[in-house]
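Asks: Right, I'll just put the structure down here and ask away after.
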Amino acid sequence: MAGVALPRVLSGIQPTAGSFHLGNYLGALRQWVALQETAQAFYCIVDQHAITLDWDPAELRHDTLASAAQLLALGVDPARSTLFVQSHVPEHVQLSWVLECIARFGEASRMTQFKDKSQREGAAGSSVGLFTYPVLMAADILVYRADQVPVGDDQRQHLELTRDLATRFNGRFGDTFPLPEALIPEGAARIMDLQSPDRKMSKSLPPAGCVFLLDDPKVTAKKIRSAVTDTGREVVADPVHKPGVTNLLTIHGALSGTPVAELEERFAGRGYGDLKKELAAVVADFVTPIRQRTQELLDDPAELQRILADGAARARQVAGRTVADVSDKVGFLPPAGARA
Ligand code: TYM
């Protein structure tokens with residue numbers, strides 16, 4: 001479509017486990033891949049966000065590369081999207097500082113993810129980086145002047161903060177940032193833990209409830225077999241009374257492309273066991289080629305690093321323009337010799 005600018009998309013994912021999980025895929029990554037067709041996409045492995053909680057440097061390095069391999073295996077195409085590592089593009093942190101100076105302590109204090117994640121250490125013992133995490137996330141988005149941000153439901157509040165900061169900046173310094181819209185998938189916005197279906201699937205809960213994409217399908221089948229279901233036998237979606245079964249139906253529906261109502265019909269008169277068996281097969285079909293492709297990509301780390309370096313160079317061109325514009329608007333003196 002000549003002359004029509006494509007919407008700009010930005011999203012990020014933390015490299016905090018050796019493998020992504022089904023919640024990441026169904027809530028966000030599936031949209032990342034689909035959006036490449038219709039948008040100018042920037043996808044970022046947010047290693048700087050990953051050090052807001054305790055971390056191991058060697059693991060972080062490995063997980064960053066493993067994240068890149070998985071994103072490519074899932075279908076992120078570096079020819080169509082800009083795939084890069086956050087710390088390779090220092091403009092994110094540069095913009096983040098400016099945004100920190102217009103963000104209010106009170107609004108950052110209201111972020112529920114900070115409250116959740118700081119529970120273990122308590123607010124006083126948590127890192128300042130964990131507290132300012134959402135502002136860095138806002139910078140990730142705004143430094144590309146992104147229009148759309150594909151994320152799961154748990155990021156909704158961070159997106160609202162991003163819009164608030166953009167509005168405040170625009171109001172004070174003139175129109176600079178579009179207000180980014182969260183793209184939250186219907187149906188799969190919140191995949192729940194298999195053992196605690198009242199909590200979202202997460203790598204920080206015990207592994208028995210989390211389906212990692214790189215798990216051996218035999219391990220996954222066992223996790224699904226042991227998933228907490230509910231009293232009764234009927235396979236029907238009912239988030240209030242049957243959160244466990246509803247979650248299994250949601251995952252099945254989202255992966256197999258079958259409407260949940262159709263699954264309810266298919267499993268009418270059959271028990272939970274049948275649903276679990278079929279779901280394990282659906283997940284195995286999905287992950288098997290991805291596991292294989294990820295391994296192949298990891299066998300050539302130099303090529304992965306080349307793809308990431310190329311992505312960072314492209315990202316910096318866009319991010320650099322925003323930081324120059326913002327620096328000028330807020331009154332930073334340009335270094336002598338800098339081109340206007
Ligand atoms: P992260 O790394 O925790 O998760 C990556 C993406 O996966 C989604 N997600 C889920 N979706 C559905 N059900 C679940 N159980 C589930 N668990 C995770 C998340 O919503 C997210 O979209 N703060 C972000 C990373 C980030 C970012 C950004 C995202 C940093 N900068 C800029 C977008 C734009 C995070 O921690 O995601």
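Asks: How many angstrom lie between the Cα centre of region 277-292 and the Cα centre of region 166-202?
Replies: Measuring centre to centre over Cα atoms gives 28 Å.
Asks: Jot down the per residue volume, in cubic angstrom and as a whole number, of the convex hull over the alpha-carbon atoms of the chain.
Replies: Roughly 159 Å³ of hull volume per residue.
Asks: Using only alpha carbon pairs under 8 Å that are at least six residues apart, calculate the relative contact order of region 83-173 and give it in whole percent.
Replies: In percent, rounded to a whole number, it is 37.
Asks: To the nearest 10 degrees, how steeply does helix 243-256 sit against the main Cα axis of the chain, on a 0 to 90 scale?
Replies: 70 degrees
Asks: Which distance in nm do the two modelled labels at ARG61 and ARG120 give, with both placed 7 Å along the Cα-to-Cβ direction?
Replies: 2.3 nm
Asks: Quote the relative contact order of the chain in percent (integer), defining contacts as alpha-carbon pairs under 8 Å separated by 6+ residues.
Replies: Reported relative contact order: 22 percent.
Asks: Amide H to amide H under 5 Å from LYS200: which residues, 5+ apart in sequence or cross-chain, H placed 1.01 Å off N in plane?
Replies: Here ASP193 satisfy the definition.
Asks: A further question follows. Which of rounded, prolate, oblate describes region 266-340, given a ≥ b ≥ c as roots of the alpha-carbon gyration tensor eigenvalues and a/c under 1.5 marking rounded, otherwise prolate only if a/b is larger than b/c?
Replies: Oblate shape, in that a/c is at least 1.5 and b/c is the bigger or equal ratio.
Asks: Looking at the chain, what % of its DSSP beta bridges pair antiparallel, to the nearest 5?
Replies: Around 15 percent of the beta bridges assigned by DSSP in the chain are antiparallel ones.
Asks: Could you calculate the FRET efficiency of VAL4 with CYS101 from 1/(1 + (r/R0)^6), where r is the beta carbon distance between them and R0 is 35 Å, rounded to 0.05?
Replies: Computed FRET efficiency for VAL4 and CYS101 comes out at 0.45.
Asks: According to the square roots a ≥ b ≥ c of the eigenvalues of the Cα gyration tensor, what is the shape class of region 1-111, taking rounded for a/c under 1.5, prolate for a/b larger than b/c otherwise, and oblate for the remainder?
Replies: Numbers: a/c = 1.82, a/b = 1.15, b/c = 1.58.
Cα axes put region 1-111 in the oblate bin.
Asks: I'd like the orientation of helix 57-74 relative to the chain: the angle between its Cα long axis and the longest Cα principal axis, in ° from 0 to 90, rounded to 10.
Replies: Taking Cα atoms only, the helix is inclined about 70 degrees.
Asks: Does anyone have the angle between helix 128-142 and the longest principal axis of the chain? Alpha-carbon axes, 0 to 90°, nearest 10?
Replies: Roughly 80 degrees between the two axes.
Asks: State whether region 127-259 is rounded, prolate or oblate according to the following rule on the C-alpha gyration tensor (a ≥ b ≥ c being the square roots of its eigenvalues): a/c under 1.5 gives rounded; otherwise a/b larger than b/c gives prolate, and the remaining case gives oblate.
Replies: Taking the square roots of the gyration eigenvalues as a ≥ b ≥ c, region 127-259 is prolate.
Asks: In the neighborhood of ALA28, defined by Cβ-to-Cβ distances under 13 Å, what is the net charge if each Lys or Arg adds +1 and each Asp or Glu adds -1?
Replies: Every neighbour counted, the sum reads +2.
Asks: Solvent-accessible area per residue for region 152-252 at a 1.4 Å probe radius, Å²?
Replies: Normalised by residue count, the accessible surface of region 152-252 is 49 Å².
The values are calculated or read from the model by the stated rules, or taken from the named source; none is laboratory data. Not measured: the values here are computed from a predicted model. Positions of Cβ are generated from backbone atoms using ideal geometry, with glycine treated the same way; all protein chains shown enter the neighbour counts. Only protein heavy atoms, including side chains, enter the accessible area calculation; ligands, DNA and RNA are left aside. Shrake-Rupley method; radii C 1.70, N 1.55, O 1.52, S 1.80 Å.
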